[in-house]
Amino acid sequence: MKTNLPVRRARGRRAARTLAPLAAAALLCAGAVACDSDTSSEGTDQGVHTLTPEPEESPSEAPSPRTQESFAASVSAETERVRQEAAERLEEVEGRGNAVGDVSVNGLPLTASEEVRSALVRVTNPTDEPTFFAVKVEFVDAEDKVLDTVVVGVEGAPPGRTVTARANSRKAAGVKTFPRVAQAERG
């Protein structure tokens, strides 16, 4: 058996020398097939990727107080502008106005910790165009005494739809009150 050993080693080395180029060629072909892309269509080669570096500092999760304050200020300013426009329109109205039948109001539940008394104002636009509504809501007590009057404006109420707004009174807070529509003007 020992006599065949050197011959086997020689054959093994020759086989390895013969198979090595074939194995390398097979690996190259497999790699070329794996990286092949469809060149018949336009666009970027599928094997090309662009990496974007991560930002050094990620943005803060919490919004900045200035953003919240400026948003609240803009909403408050817009609400006040619409309320003033409604108050100006109601000054020119004689009687209860042309839209009392289009407006209803309901008191919202009161909790002991509330600093305001709120009423939900519902406005239905019976016209064919978006319309401005001015509504005066009175908060009255059980003896029908007016504790506060609040003006609400509804801008651009869609035709044939009902929209809601809130009338809030600080003067009627903590007192059992009943809201009612004093005036309502459309247009």
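No value in this document is a laboratory result; all are computed from the given coordinates. All values derive from a computational prediction rather than experimental measurement. A quick note on method: Cβ atoms are made from the backbone with ideal geometry, for glycine too, and the neighbour counts reach across all protein chains shown.
Mind listing which GluC sites (Glu not before Pro) in the stretch 92-126 are in a DSSP loop and have 11 or fewer other Cβ atoms within 10 Å?
Details: sites: Glu92, Glu94, Glu114, Glu115; in loops: Glu92, Glu94, Glu114, Glu115.
Passing sites in the stretch 92-126 are Glu92, Glu94, Glu115.
Dipole size in debye (nearest 20) for the stretch 116-176 around its Cα centre, Lys and Arg Cβ +1, Asp and Glu Cβ -1?
Working: 9 positive and 8 negative charges, 61 e Å.
Value, rounded to 20: 300 debye.
According to a simple spin-label model (label point 7 Å from Cα along Cα-to-Cβ), what is the distance in nm between Arg170 and Glu80?
Label-label distance for Glu80 and Arg170, simple model: 1.2 nm.
Suppose every Lys and Arg Cβ carries +1 and every Asp and Glu Cβ carries -1, with no other charges. What dipole size does the stretch 90-145 come out with about its Cα centre, to the nearest 20 debye?
Values: 5 positive and 12 negative charges, 38 e Å.
Charge dipole of the stretch 90-145: 180 debye, to the nearest 20.
Using R₀ = 30 Å, calculate the FRET efficiency as 1/(1 + (r/R₀)^6) where r is the Cβ-Cβ separation of Thr127 and Phe71; round to 0.05. Numbers along the way, then the final one.
Working: r = 32 Å, r/R0 = 1.07.
Using R0 = 30 Å, I get an efficiency of 0.40.
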